[in-house]
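Down below is the structure, laid out as structure tokens.
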Amino acid sequence: MSQQQRTVLIVDDSPNDREFYRRCLLKDKDYSYNILEATLGKQGLELWQQHQPDVVLLDYRLPDTDGLEFIATLYPASSQQLYLPVIVVTGQGSEIIAVQTMKAGAQDYLVKEQITAERLQMAVNSAIARVELQNQLQLRIEKDRLISQITQKIHQSLDIDEILQTTVSEVRQFLKSDRVLIFRLQSDGSGIVSTESVAPGWTSLLSTSYYDPCLSETYIAVLSWVQYSNNSE
């Protein structure tokens with residue numbers, strides 16, 4: 001069975017510690033690791049933005065920053081994740097630092113002298129799994145909120161244009177996209193953009209007409225079949 005691939009970013013100014021973490025992770029029989037290394041917080045942030053690693057091993061004290069500042073900078077730099085799989089490591093155990101880093105958004109806190117290959121692998125697995133669950137839950141909450149907003153608007157108004165405008169606006173906010181539109185399709189494959197929500201700086205496509213023969217050849221027949229199937233039930 002092939003190993004699953006993971007990308008780990010190690011941000012630590014100690015070459016010995018970075019090598020130790022590397023050896024610990026490469027002993028994992030279940031996962032194959034692509035390991036990125038940075039000696040400074042600035043380098044670590046650049047690597048995060050470029051590669052979006054699955055987990056970050058972050059030394060609490062770096063020459064140019066500390067763990068709290070790094071995490072605070074990392075959150076707005078993240079465009080794809082709602083929660084960040086950061087594990088803070090430190091040379092000296094401190095309950096105060098541990099609480100601060102966890103409150104800041106770290107998933108775990110490890111003391112360097114207590115780290116073993118098994119413990120590090122477990123911490124990485126737990127951090128990734130926890131973030132996946134948190135993101136799934138957050139996505140579910142956002143979906144429920146979106147449905148609630150649209151449903152409430154439908155109940156408040158019988159104006160179909162207002163309902164559709166609310167729909168594209170809420171969906172664009174949920175997807176964090178530049179544009180969401182409703183395309184009113186005709187039987188010949190032509191259509192017009194009937195409703196749109198677009199971010200500032202982008203040209204509006206509202207009322208723009210398009211013709212694409214692929215739409216009539218591929219999609220209209222499918223939609224008609226679905227409608228017929230639903231009506232026949």
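Details
- Scanning the range 121-135 finds no residues that are of a type in the set (A, V, I, L, M), surrounded by 12 or more Cβ atoms within 10 Å (Cβ to Cβ) and outside the structural domain of residue 20 (by TED's automatic domain parsing).
Condition check ((1) surrounded by 20 or more Cβ atoms within 10 Å (Cβ to Cβ); (2) within 23 Å of residue 73 (Cα to Cα); (3) modelled with pLDDT under 95; (4) assigned by TED's automatic domain parsing to the domain that holds residue 75) across all residues:
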site: 9; (1), (2), (3), (4): yes, yes, no, yes
site: 16; (1), (2), (3), (4): no, no, no, yes
site: 19; (1), (2), (3), (4): no, no, no, yes
site: 26; (1), (2), (3), (4): no, no, yes, yes
site: 32; (1), (2), (3), (4): no, no, yes, yes
site: 36; (1), (2), (3), (4): no, yes, no, yes
site: 49; (1), (2), (3), (4): no, yes, yes, yes
site: 52; (1), (2), (3), (4): no, yes, yes, yes
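- Within the range 103-120, considering residues that are among the hydrophobic types (A, V, I, L, M, F, W, C) and touching a residue at least 24 places away in the same chain (Cβ under 8 Å), the one surrounded by the fewest Cβ atoms within 10 Å (Cβ to Cβ): 117
- Taken over the range 185-204, residues that are surrounded by 17 or more Cβ atoms within 10 Å (Cβ to Cβ), among the aliphatic types (A, V, I, L, M) and under 26 Å from residue 141 (Cα atoms) amount to 1.
- Residues that are surrounded by 11 or more Cβ atoms within 10 Å (Cβ to Cβ) and either acidic (Asp, Glu) or touching an Asp or Glu at 6+ places or on another chain (Cβ under 7 Å) (or both) within the range 136-152 comprise 142, 146, 149, 150, listed in sequence order.
- Taking each residue of the range 132-158 that is under 28 Å from residue 86 (Cα atoms) and looking for partners that are of a type outside the set (A, V, I, L, M, F, W, C) with beta-carbon atoms closer than 8 Å, six or more apart or interchain, yields 134/83; 135/81; 135/83; 138/83.
- Residue check, residue 100 more than 18 Å from the chain's Cα centre (by Cα) and in contact (Cβ under 8 Å) with a residue 60 or more places away in the chain: no
- Taking the criterion of being crowded, with 18+ Cβ neighbours inside 10 Å and more than 16 Å from residue 204 (Cβ to Cβ), the residues of the range 166-184 that qualify are 166, 167, 170.
The values are calculated or read from the model by the stated rules, or taken from the named source; none is laboratory data. Please read these numbers as outputs of a predicted model, since none were measured by experiment. Positions of Cβ are generated from backbone atoms using ideal geometry, with glycine treated the same way; all protein chains shown enter the neighbour counts.
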